[in-house]
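S.K.: Take this structure first; my questions come after.
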Amino acid sequence: MEKLVSRFILLCGLVLLFFCIPVNLICPPAIAVLREYQDAPGVMRYQSQHSLRDATGYSWQVVLFKQFPPDRSPQFILRLVGFPGVVEIAHPQPLEITTNSSKLLTATDLFATESPAPNVGQYNVTNLIAQLPPNSFLKLTIPLTQNKNITLKIPNSIVIEWQWLATEIE
């Protein structure tokens, strides 16, 4: 009887060990899906694109891209596209980026004089990308017309993808 109990305990231990092994030891690491475009001859662009919902349930396209203009340093641009006819981004207001440690960063509005559509904003984050803390989430406070703002939460997985884009694509 004791042998049967000890075998049962051993079997239970092995089953628990199997289910308790961290998933990252079994599965290969996830790879970010980044797109590559040629904007013009000699001008390459790599981008991370995601669709996220704001607190009201409307969808936003969030696109971070890294451009390689000829004879200049790479630039990081964050494009936000809200639901047409529902949101109007206020220009030339800066975008506020809040880290999970409550650090406030601001990005310059690149559509200060003219936007392709009222629901589109584009911001220069070249000097901010290195300041994004690893393994954290972000909150983007998007300035809207009529002195309103909307907050968009950027999950940790997207921030990791952005950091990978910033450091690995050269």
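The numbers here are math on the coordinates, done by the rules we state, and not lab data. Please read all numbers here as calculations on a predicted model, not as lab measurements. All Cβ positions, even for glycine, are placed from backbone atoms using ideal geometry, and neighbour counts span all protein chains on display.
S.K.: Mind checking the dipole of the stretch 32-168: about its Cα centre, +1 per Lys or Arg Cβ, -1 per Asp or Glu Cβ, Debye to the nearest 20?
M.R.: Values: 10 positive and 10 negative charges, 56 e Å.
About 280 debye.
S.K.: Moving on to the next point. So what is Rg over Rh here for the stretch 32-168, counting just Cα atoms and using Kirkwood for Rh?
M.R.: Details: Rg = 14.4 Å, Rh = 15.3 Å.
That ratio equals 0.95.
S.K.: Counting other C-beta atoms within 10 Å, and keeping those with at most 13, which DSSP coil trypsin sites (Lys or Arg not before Pro) do you find in the stretch 80-170? Intermediate values should be presented prior to the final figure.
M.R.: Details: sites: LYS103, LYS139, LYS148, LYS153; in loops: LYS103.
Within the stretch 80-170, the qualifying trypsin sites (Lys or Arg not before Pro) (loop, at most 13 other Cβ atoms within 10 Å) are LYS103.
S.K.: Quick one: net charge around SER48, please, counting Lys, Arg +1 and Asp, Glu -1 for every other residue with C-beta under 10 Å from its C-beta. Can you show the working numbers first?
M.R.: On the way: positive: ARG35, LYS66; negative: GLU161.
In short, +1.
S.K.: Something else about it: Percentage of Cα-Cα pair distances in the stretch 35-88 greater than 20 Å, rounded to whole percent?
M.R.: Details: 522 of 1431 pairs.
Cα-Cα pairs in the stretch 35-88 separated by more than 20 Å: 36 percent.
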